[in-house]
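Since the structure comes first, as structure tokens, the remarks are kept for the end.
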Amino acid sequence: MARRHLIIGGGTAGMNAMRTIREEETERSTITLVSAEKPYSRMVLPYYLDRSIAESHVFTATARVLADWGVTTHLGKRATALDTKTNVCTLDDGTAVEYDDCLIATGSSAVRAPVPGADGPGVHSFWTLEQARGVLAQIRPGSHVVMVGAGFIAFTILNSILSLGAKLTIVEVAPRILPRMIDDTGAALVQTWLEKNGVAVRTGAKLTRIDEVKGRRRLKMAAGGDLVADVVIMATGIRTNLAWLNGSEVKINQGVVVDDHLRSSVPNVYAAGDVAEGRDLISQTNAVHAIEPTAQEHGRIVGANMAGKDVRYRGSLIINIVEVCHLDVASFGAWDDAKAETMSGVKADRPAYRKLLWRGDRLTGAIILGPSTDIWTTNDVGMLKGLVQSGVSLGAWKAHLKKNPFDIKPAFIATKTTSTLLPETILGRPSKAPGESPVAV
Ligand SMILES: Cc1cc2nc3c(=O)[nH]c(=O)nc-3n(C[C@H](O)[C@H](O)[C@H](O)COP(=O)(O)OP(=O)(O)OC[C@H]3O[C@@H](n4cnc5c(N)ncnc54)[C@H](O)[C@@H]3O)c2cc1C
């Protein structure tokens with residue numbers, strides 16, 4: 001069994017892996033953590049931005065917790081090379097860390113649209129705590145914020161920007177908002193809702209450059225109609241942090257290619273979270289899922305396997321859930337599968353929308369939106385996720401849902417989906433209390 005574990009990256013995947021190693025190991029091992037940043041949760045940064053939580057609440061483990069776990073730390077340092085023949089990881093200060101097995105959990109970084117001025121003052125990304133601090137320092141009540149990019153991450157911070165009293169314009173190069181999360185029908189409903197709530201939206205709008213004009217930013221648009229902003233946020237995508245592995249033996253495609261134990265092409269090197277290209281639950285093919293639940297599950301599976309257990313991963317489900325101006329918007333699984341049988345229902349006046357995607361009598365994907373104030377929206381978000389995740393056979397309920405796509409609950413209850421899902425845990429056993437050092441991961 002590996003005695004010396006090296007964890008590279010202290011985000012969600014790395015933290016879950018370390019905690020699970022300590023829970024699962026039969027003999028005490030050594031754990032070394034190398035992380036460019038202190039452990040914190042990126043997912044809670046929107047709540048830091050709207051000041052509903054203090055900065056101290058974004059961290060997932062203090063130095064004391066890591067010491068209690070017996071973890072040796074190299075925080076604020078980057079891994080720069082991995083020699084898988086000698087089992088040595090080199091850090092940016094020249095330190096060499098030896099390991100018996102290691103976990104690559106270096107996550108992703110924000111990427112800005114490649115236009116002149118994108119790196120200028122007043123132009124921000126929103127991915128790290130440091131970037132969040134930068135945005136928070138600049139937004140004032142009445143500021144005009146232009147968000148470039150209308151994807152999932154942009155939508156996670158939209159409410160926070162509005163709650164700071166800013167005026168918001170969203171610019172998206174694709175013909176619709178949320179292009180990788182919902183379809184045309186859903187996107188049109190969300191756009192109308194945002195506009196009713198005072199958010200200006202421009203789709204099919206190509207930004208060509210950003211200039212500084214008297215302390216403000218002028219965004220030049222290809223089709224004219226330039227915008228002037230106090231703050232520009234580039235939510236234009238992310239890239240996996242893998243460049244430091246160039247020259248290593250580890251096989252990389254879109255991410256580090258891993259098997260059903262989350263092992264890479266090098267047997268004592270694992271990968272988890274945003275950097276891993278692991279199994280998708282629905283298609284059972286490999287994909288990168290840069291979402292929190294995947295990072296958590298990967299971390300748990302990897303931790304157990306590093307501790308000497310033999311745990312297979314069933315695959316991760318795409319889960320996208322956001323709430324904007326009190327409208328819940330979600331999609332699950334293969335929501336854009338062009339070959340699936342689909343059924344849908346729209347109530348444009350509420351607005352409410354359900355789209356169900358089928359393979360046989362099983363739901364393989366879904367899109368849902370509706371006002372958060374409608375209790376059935378929130379319930380249906382959970383139930384649709386459960387139906388897609390469990391892959392339960394819906395039998396005659398398929399015909400019912402075809403006629404009544406808004407009537408999810410009877411099908412969910414009749415198929416006993418709750419009792420299918422309830423005993424399911426990622427490691428096949430109930431969670432253990434983390435002991436005297438509670439940690440939020
Ligand atoms: C604003 C925001 C909101 C989000 N909201 C949601 C949401 O609502 N739902 C959802 O599912 N997901 C959400 N996400 C995405 C989610 O946060 C990520 O999928 C998750 O953090 C991935 O975890 P990870 O451990 O793989 O990587 P990360 O959490 O990114 O951790 C990677 C760690 O590796 C470190 N690192 C990087 N390179 C190196 C190196 N060379 N050497 C050493 N250390 C290195 C980094 O500093 C970091 O500590 C959100 C993200 C953001 C930014």
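In µm²/s, what is D for the chain at 25 °C and 0.890 mPa s, where D = kT/(6 pi eta Rh) by Stokes-Einstein and Rh is the Kirkwood radius from Cα pairs? Display every interim value, and only then the final one.
On the way: Rh = 23.2 Å.
Using the Kirkwood radius from Cα pairs, D works out to 106 µm²/s.
Probe 1.4 Å, all protein chains in place: accessible area of I413 in Å², nearest 10?
Answer for I413: close to 100 Å² accessible.
By how many nm would the segment from T30 to A399 grow when fully extended, if each residue of separation counts as 0.36 nm and the alpha-carbon distance is taken off? Before the final figure, lay out the partial values.
Details: separation 369, 0.36 × 369 = 132.84 nm, distance 5.58 nm.
Fully extending the segment from T30 to A399 adds 127.3 nm.
Kindly work out what percent of the DSSP beta bridges joining two residues of the chain are antiparallel, to the nearest 5.
Working: 51 of 86 bridges.
That works out to approximately 60 percent antiparallel.
Please list 3J(HN,Hα) in residue order for segment 55-62, calculated via the Karplus relation 6.51 cos²θ - 1.76 cosθ + 1.60 where θ = phi - 60°; whole Hz, with x for glycine and proline.
Values, residue by residue: 4, 4, 7, 7, 6, 9, 7, 7 Hz.
Give me the one-decimal nm value for the distance between modelled label points at D260 and E55, 7 Å along each residue's Cα-to-Cβ direction.
In this crude label model, D260 to E55 measures out at 4.6 nm.
Identify all lysines with a Cα-Cα distance to K214 below 21 Å; exclude those on the same chain that are fewer than 8 residues away in sequence.
The reachable lysines, counting only those whose Cα sits under 21 Å from K214, are K167.
Taking the alpha-carbon set of segment 1-156, what are its Rg and Dmax in Å?
18.3, 59
Where the centroid of each part is defined by its Cα atoms, how far is segment 267-307 from segment 380-425 in Å?
So the two Cα centres are separated by 26 Å.
Using θ = phi - 60° and the Karplus relation 6.51 cos²θ - 1.76 cosθ + 1.60, list the HN-Hα couplings for segment 180-188 in order, rounded to whole Hz, with x at every Gly or Pro.
Once θ is set to phi - 60°, the couplings for segment 180-188 become 9, 10, 9, 8, 4, 4, x, 4, 5 Hz.
If the cut-off is a Cα-Cα distance under 21 Å, which lysines reach K355, setting aside same-chain residues fewer than 8 apart in sequence?
K339, K347, K385, K398, K402, K403, K409
Bin by bin, in steps of 10 Å, what percent of the Cα pairs in segment 182-292 do you find, going until the bin that has the longest distance?
Answer for segment 182-292: a P(r) of 11, 26, 21, 23, 16, 2 percent.
Springs between alpha-carbon pairs under 10 angstrom, Gaussian network model over the chain: which of H261, H298, H400 fluctuates most?
H400
So what's the convex hull volume per residue for the Cα atoms of segment 299-441, in Å³?
Values: hull volume 20.9 nm³, N = 143.
For segment 299-441, the hull spanned by Cα atoms encloses 146 Å³ per residue.
Principal axis extents for segment 266-379, Cα atoms only, whole Å, descending order, please.
Largest to smallest, the principal-axis extents are 55, 32, 20 Å.
In whole Hz, what ³J(HN,Hα) sequence does segment 270-281 give by Karplus (6.51, -1.76, 1.60; θ = phi - 60°), x for Gly and Pro?
10, 9, 8, x, 4, 7, 8, 9, x, 6, 8, 4
Based on the Cβ-Cβ distance of R4 and T425, what FRET efficiency does E = 1/(1 + (r/R0)^6) give at R0 = 25 Å, to the nearest 0.05?
Working: r = 28 Å, r/R0 = 1.13.
Using R0 = 25 Å, I get an efficiency of 0.35.
Would any residue of segment 64-96 have its amide N under 15 Å from a label point 7 Å out along Cα→Cβ of E130? List them or say none.
The answer is 75-79, 92-93.
The values are calculated or read from the model by the stated rules, or taken from the named source; none is laboratory data. Computed from a predicted structure; not experimentally measured. Don't worry about glycine lacking a Cβ; one is built from the backbone with ideal geometry, like all the others, and counts go over all protein chains shown. Just so you know, the surface numbers come from the protein's heavy atoms only, side chains and all, with ligands and any DNA or RNA stripped out. Shrake-Rupley method; radii C 1.70, N 1.55, O 1.52, S 1.80 Å.
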